[in-house]
Amino acid sequence: MFLLQTPWAIDSLNLADGVIRQALGTRVKNGPELIVLPHGDGSERDAPHEQAIVDALAQLATGHAVYVGASAYVTVDGEDSPRTVGFIVGPDGSILSRTPKIMPDLVEGYTDTSADTFRPASFQVADTPLGQIGILCGEDILAPHVVRTMLVSGAEIILNPSRERTDALLDSRTVARVARAYENLAYVAVASPHSVTIDGTSVALPPVTALYPPQGKAVSVVGAESYVRVDVDIEALRRKRSGPALNFPTIVRMNLYAPGYKVEASTPRPSPQTRKDWLFEGARKAEALPKPPVGKEVSAYSAMVAQHVVHQSHKPEQLVECRQPNLDDAFDLVRNYGARAANLKLVVFPEFFLTGPVSPLGQKLGHIADKIGVTFPGPEMDQIAAFAQEIGAYVSGGVFEHDPDWPDRFFNTAFIYDPSGNLIHRYRKIHCGDAMGFLPDTTPGSVFDQYVDKYGYEHLFPIVDTPIGCLATTICFDNNFPETYRAMARRGAEIILHPTSEPHGSHRAGWDAARRMRAFENVAYVLSAGHGGEYFLPDRPVPSSRGRGYSKIINFDGSVQAEADTAGQVPLSGMIDLRALRQARADLQANIALWDDAVVYAHEYAETPRGLPNNLWPDDPLGNPYLGGVEIKKVIASYAKEGIFVAPKGD
């Protein structure tokens, strides 16, 4: 595959033609080839008719016997304004995929174009010898639900012809491509021009053309190179997709989100068609965002992520015995350093900070659910409430919870206590390692109908308005599923607390990219508190290397404000500025979530099968229906039958 940075237009096609010729001359292997061009040169005011663009791309494809992907501004019969459309053309000149753009032109400051922002998406994926290829234009790759919809349309390689410009958010938009590849197990191929000519003036653009694999290092252009050659190992991707480990496209419970999207989706309608109307519509959407509570608000304050080293529980009796020493260590971590943080208003402890993950105990743990989980109220949680009063701050963390209303079950739960010691928030983890059979905690999706009947659908995504902002929580594995974070933000969440317990490994880069994207794509602070180590092995006096720190405070623009770049106990402090966050949410170029309308993708989330089904564990709480990743394997087989996944050769 060759990704071009060379600008192209109908009247300068010979330049792209020559670059392609030179690029193909560097090959040493024969076989089908894919050429990805950037978004076409010029402005929407110069948009040619769609057929003229198709003819030009077909000329390149047939002239070199290659597949060609590109996007351009075009005029379309029957439409009053131009739009951006992406195309994939085969070596015979046939159109294999035509994909209109969904998001508005945020990077360009909005343009006089229309888009499919408020219409159900339907993606054509090209089945080629190189793999199943889809195309998303420009900012569409930033919209997580749009990419998920492309994924379940069958895409293995997602082309992203773009026109990037340098601004304060360029780095986050670049990291977005890393995250989309990682969380969808797909290649993302970005082609952006090294310059653009509009109204006779040529302007240099940043070098962002690159191929992002689902895991591993990106291959990027350097400077103003005309192209970069990249290799795609489609069989390796298919082998990865054929197993249950970290197979996010199959683990995601798409049906769990479907009832919310059905309610939230607007009625299909045309988009704005002029820059003026886009800006007007954007301002209207910004004005309609959830408003903060009226009262004694603290707009700027310190927050602490308390990176803790936990003593692991290995035997049933230790599940209770270990809680108090772990709790004392956690409190001391804050007491010893919290006084140095001026105006400290928020503290976040890790997931499992009372017991560790308890996984070595076995795979069927319902019979000791009351030992694994704490209760609200209960001895430990009452101490945390008193601690919140002591330090005069909101205190959050993650614990195993035993709820007597759910006999023989335990939940992975995040909590928030206010400075008066009141429990104001509880969230039960939606996506967990339980899906792979690692941990038999109960997630709401496993008992979905019972859970929603008991509490209501909104209970899945709780938020709480406070004087320090609208708070929400997610837990550990949730990080890899943008749907949960968007549900919180859509309900008003401004600061998302993320107690986590992440084993160190080769997935670190993708996990961290996803974490940054949860902040950027929702314009929300993310405070991620992890372990600095675990006393994991019995009778070993030193902590294991499973937990290596990397706790983070992520700004609402996706940048890293603070990071614990080492193992051990770390009191990581940072600043929360609510006024700056709210200004960013009103910024029509910063807040991509303004244009997130469930009408685009609600139909795909409601389809069956789509990811892990709900209600897989309504009975027999003493069992474990997920052992060995059996339910994920069923989804993989279903995806293969439907054509969403392709089986690797030899299977």
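Annotations
- Taken across segment 284-305, residues that are assigned by TED's automatic domain parsing to the domain that holds Gly533, closer than 30 Å to Asp370 by Cα and not aromatic (Phe, Trp, Tyr) do occur, with at least one present.
- Residues located in segment 442-459, provided they are touching a Pro at 6+ places or on another chain (Cβ under 6 Å) and under 24 Å from Val146 (Cα atoms): Tyr457
- Segment 601-625, residues that are in a loop (DSSP other than H, G, I, E, B), within 24 Å of the chain's Cα centre (by Cα) and of a type in the set (D, E, K, R): Glu607, Arg610
- Out of Ala580, Ala647, sole residue that is surrounded by fewer than 20 Cβ atoms within 10 Å (Cβ to Cβ), of a type in the set (Gly, Ala, Ser) and outside any loop (DSSP other than H, G, I, E, B): Ala580
- Segment 51-71 - residue that is touching a residue at least 40 places away in the same chain (Cβ under 8 Å), not aromatic (Phe, Trp, Tyr) and not in a helix (DSSP H, G or I) and, of those, farthest from Thr111 (Cα to Cα): Val66
- Total residues in segment 72-83, condition in contact (Cβ under 8 Å) with a residue 40 or more places away in the chain and not in a strand (DSSP E or B): 2
- Only a single item in (1) touching a helix residue (DSSP H, G or I) at 6+ places or on another chain (Cβ under 8 Å); (2) outside any strand (DSSP E or B); (3) at pLDDT 95 or above is not met by Ala472, and it is number (2).
- Filter pass, Glu79 being crowded, with 17+ Cβ neighbours inside 10 Å, under 27 Å from Thr274 (Cβ atoms) and acidic (Asp, Glu): no
Listed here are the residues, each with its yes/no results for (1) in contact with a Ser or Thr (Cβ under 8 Å, 6 or more places away or on another chain); (2) of a type in the set (Gly, Ala, Ser).
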{"site": "Lys552", "(1), (2)": "yes, no"}
{"site": "Asp565", "(1), (2)": "no, no"}
{"site": "Arg582", "(1), (2)": "no, no"}
{"site": "Arg585", "(1), (2)": "no, no"}
{"site": "Leu594", "(1), (2)": "no, no"}
{"site": "Arg610", "(1), (2)": "no, no"}
{"site": "Gly623", "(1), (2)": "no, yes"}
{"site": "Glu631", "(1), (2)": "no, no"}
{"site": "Ala637", "(1), (2)": "no, yes"}
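- The helices (runs of 4 or more DSSP H) located wholly in segment 342-456 that include 1 or more residues which are under 24 Å from the mean Cα position of the chain (by Cα) occupy 448-455.
- Residue in segment 183-209 that is surrounded by the fewest Cβ atoms within 10 Å (Cβ to Cβ), counting only those that are among the hydrophobic types (A, V, I, L, M, F, W, C) and assigned to a strand (DSSP E or B): Val203
- Taken as a whole, the structure leaves Gly223 outside the set of residues that are closer than 20 Å to Ile157 by Cα and of a type outside the set (D, E, K, R).
- Filter pass, Ser172 being out of contact with any strand residue (DSSP E or B) (no Cβ under 9 Å at 6 or more places or on another chain), under 20 Å from Pro206 (Cα atoms) and of a type in the set (S, T, N, Q): yes
- For first residues located in segment 146-163 and without any contact (Cβ under 8 Å) to a residue 24 or more places away in the chain, partners that are of a type in the set (A, V, I, L, M, F, W, C) and lie 6+ apart or on another chain with Cβ distances below 6 Å do not occur.
- The residues listed here are Gly90, Gly86; of these, the one that is surrounded by fewer than 20 Cβ atoms within 10 Å (Cβ to Cβ) and touching a residue at least 12 places away in the same chain (Cβ under 8 Å) is Gly90.
- Looking only at residues of segment 6-40 that are among the aliphatic types (A, V, I, L, M) and more than 36 Å from the chain's Cα centre (by Cα), we find that the one that is farthest from Asp231 (Cα to Cα) is Ile10.
The values are calculated or read from the model by the stated rules, or taken from the named source; none is laboratory data. Please read these numbers as outputs of a predicted model, since none were measured by experiment. Cβ atoms come from the backbone with ideal geometry, glycine included; neighbour counts cover every protein chain shown.
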